[in-house]
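Encoded as structure tokens, the structure appears first; notes follow it.
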Amino acid sequence: MSPPLVAGTAFMLALVVSAVLTPAVRRWAVKTGRMARPREDRWHARPTALFGGVAIWAAFLVAAGLAVGLRLEAGLGEHYGPLLLGASLMFAVGLADDLRDLSPQAKLVCQVVIAALLVFFGFKINWFTSYTLNTFLTVFWIVGITNAFNLLDNMDGLAAGIAVISAVFLAFIGVAAGGWGAVNGHFLILAAFTGAVLGFLVYNFQPASIFMGDCGSLFIGVVLAALTTRHELFQSRHLLAVLFVPVLVLCLPILDMGFVSVMRTLFGRSIAQGGRDHSSHRLVAIGLPERKAVLTLYLFSVLGGAVAAVGALYPVTFFAAGLGLFALFAVFFWLHLAQVRVYPQESRTIVERHPALTSFWVAFTYKKRVLEVLLDVGLVSFGYWLSYFLRFEGRDYVLAFPLFLKTLPVVLVASLSAYLVFGIYRGVWRYTSVADLLTYLKAVTSAVVLGIIAIVFLYRFQDFSRTVFVIFWGVSLFFLGGSRLSFRILSESLRRNAVANGRRVLIYGAGDKGELALREILNNPLLGMTPVGFIDDDERKHRKRIQGYKVFGGRDRLCDIATRYAVNELVVATDKLRPENLKAAGAVCRDLGLALKSLELSIR
């Protein structure tokens, strides 16, 4: 049988077995009371069957074990038999934890022993010349990824979906980079694994009827961690890909685990305890439905896998560009999520609990804006390099790279000086406006011109490309404006979510005063109001939108709109309303039981 046919057979067998076993395990769990009960530190709101990991493990073992037993691939048992053993032992550890609640110390000891066993049988990272260092690093990698998937199993379909995405990219990279001859067994094992997890995911996607439990999350974590240590997977010619491709394929569980660990430590909470503070939970807190939050994290994992594929298949310059852009995206993504308040209102960070640290932090981050400057140093440096990369390719890029290194300090000084002169570091990011964008345009233009003048003075612009600086101007404007606007977009989302459950308010007046009323409602959660939209007697404004809220029509539609959108209050926010129109609107409010209010402005 050809390798694709063998792998396809293993995939279908695992998929069918998993899809049949999962509902059977669910019925058994419900009958015996093996249920995950809702708790304050857990996300689910109703009792849900546990032990879905049993179906995943059994389906994988049937498909992969059959392939090993029938010797469908030469050397498959020798190379991957230990993986089946190690994964089964990790499954047993998770099963024991689901049944008896093992202590974190006991679980960690078992995980280290299993990881050491896998290293003994050849599942080992070979990044360094030191055998000892590679051994310790591999054990740390396997244990870390295993626990990362355990932590990631915090929302319906999240851990299973990310596992499928990771496995697909591992298979694709292995075949594309090494060819069928090098990865026959690897591809077969991944096919069986993907089928087993996918069969379970059908029942685990939101709304989930069964959870995988620790036996499932630890099992999928150790399988993926072990498979990323196989050297035949990465036939890349450059070290950067060898180091980062495995990390990128598994970027979501790694970043989520790191993020949660940092945030819990910052707020003085135990890393081992459960909680609704993961990336998925924060996306829901921003306002995304649960299913969209999971799909968003799926997309992030796909992006990481795509960058990993570039690293495995293309030259280092392409990979470096993709890795840099992905890293910037990840930094801003998790900086946004860090601002979401998920802990109790009285919770304070380590900095807030220690006056000395508070004083230092304020001086460091607010007075000197050091972090903002450091971010711009990174953005300017990466943007200048990206400009050279986009302008030159292949051998031309190699020849031009010394020019980039020689002039990078000049460009950095010119850019930061211009940003300082134009007051970039005096702005508040969450209040970024069109006026600020004009300031950014002036600052970036001045920075590029100043840099060119300095290079002409120092090097007479000999051998330099004018196109590089045109590209650099556009990239710098995008980075500077995008970094600041991203926080404005996030703060808007947070404010809209904060008022989502208030009294539903319709605003009468779609002019400046109406827009001011909308901003006050969004910025002041204490009002307890949720804006629905606008009405206005000016027909030219009908069907237009103000900050995303629709102008439904005029006063004649007030009754229909109030009924359709369950409006509780009408806020009059215009000085141009005729007395007879106001009287008519008041009559409608009395008939419908709506509260009638007006926006009053005064400066004293």
Next on the checklist: Using Cβ contacts closer than 10 Å as the measure, can you line up 388, 440, 131 from fewest to most?
Outcome noted: 131, 388, 440
Checklist entry - Measuring from a point 7 Å past the Cα of residue 595 along Cα-to-C-beta, which residues in segment 520-552 have an amide N at less than 20 Å? => result 520-535
Checklist entry - Karplus couplings for segment 113-128 from phi (6.51 cos²θ - 1.76 cosθ + 1.60, θ = phi - 60°), rounded to Hz, Gly and Pro as x? => result 4, 5, 4, 5, 5, 5, 4, 4, 8, x, 8, 9, 6, 10, 7, 10
Checklist entry - Which residues' amide hydrogens lie under 5 Å from the amide hydrogen of residue 533, considering only partners 5 or more residues apart or on another chain, with H built in the peptide plane? => result 507
Checklist entry - Which FRET efficiency value, to the nearest 0.05, do you get for residue 127 and residue 544 by plugging their Cβ-Cβ distance into 1/(1 + (r/R0)^6) with R0 = 60 Å? => result 0.55
Checklist entry - Using alpha carbon coordinates only, what is the Rg to Rh ratio of segment 424-489, with Rh defined as the Kirkwood radius? => result 1.09
Item to check | Residues whose placed amide H lies under 5 Å from that of residue 36, excluding near-sequence neighbours | outcome: 48, 49, 50
Checklist entry - By how many nm would the segment from residue 371 to residue 428 lengthen if fully extended, with 0.36 nm per residue of separation less the alpha-carbon distance? => result 19.2 nm
Checklist entry - Rounded to the nearest 0.05, what FRET efficiency do residue 105 and residue 135 have when you use their Cβ-Cβ distance and R0 = 22 Å? => result 0.50
Item to check | Alpha carbon Rg of segment 3-338, scaled by the compact-globule rule 2.2 N^0.38 Å | outcome: 0.94
Item to check | Around residue 53: net Lys/Arg minus Asp/Glu count, Cβ-Cβ under 14 Å | outcome: -2
Item to check | Amide H partners (placed H, <5 Å) of residue 546, local residues excluded | outcome: 551
Next on the checklist: Cut-off under 27 Å on the C-alpha distance; same-chain residues fewer than 8 positions from residue 107 excluded. Which lysines are left, in chain and number order?
Outcome noted: 124
Next on the checklist: Only counting other Cβ atoms within 10 Å, I'd like 6, 444 sorted with the fewest neighbours first.
Outcome noted: 6, 444
Checklist entry - Counting only the backbone N, which residues of segment 407-425 are under 17 Å from the spot 7 Å out from the Cα of residue 463 toward its beta-carbon? => result 407-410
Checklist outcome for this item: Given pairs 513/583; 541/597; 544/597; 442/544 and cut-off 25 Å on Cα-Cα distance, the over-length ones are 442/544
Checklist outcome for this item: By Cβ neighbour count within 10 Å, fewest first, 468, 307, 588, 249 rank 588, 468, 307, 249
Checklist entry - Any idea how far apart residue 453 and residue 202 come out in nm if each label point goes 7 Å out from Cα toward Cβ? => result 6.9
Item to check | Within-12-Å neighbourhood charge of residue 214 [Cβ basis; K, R +1; D, E -1] | outcome: -2
Checklist outcome for this item: If R0 = 35 Å, then residue 523 and residue 478, at their Cβ-Cβ distance, give a FRET efficiency to the nearest 0.05 of 0.80
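Since every read-out is calculated from the coordinates, none of them should be taken as a lab result. In this text the structure is predicted, and so the values were computed from the model without any measurement. Cβ: placed from backbone, ideal geometry, glycine included. Neighbour counts: every protein chain shown.
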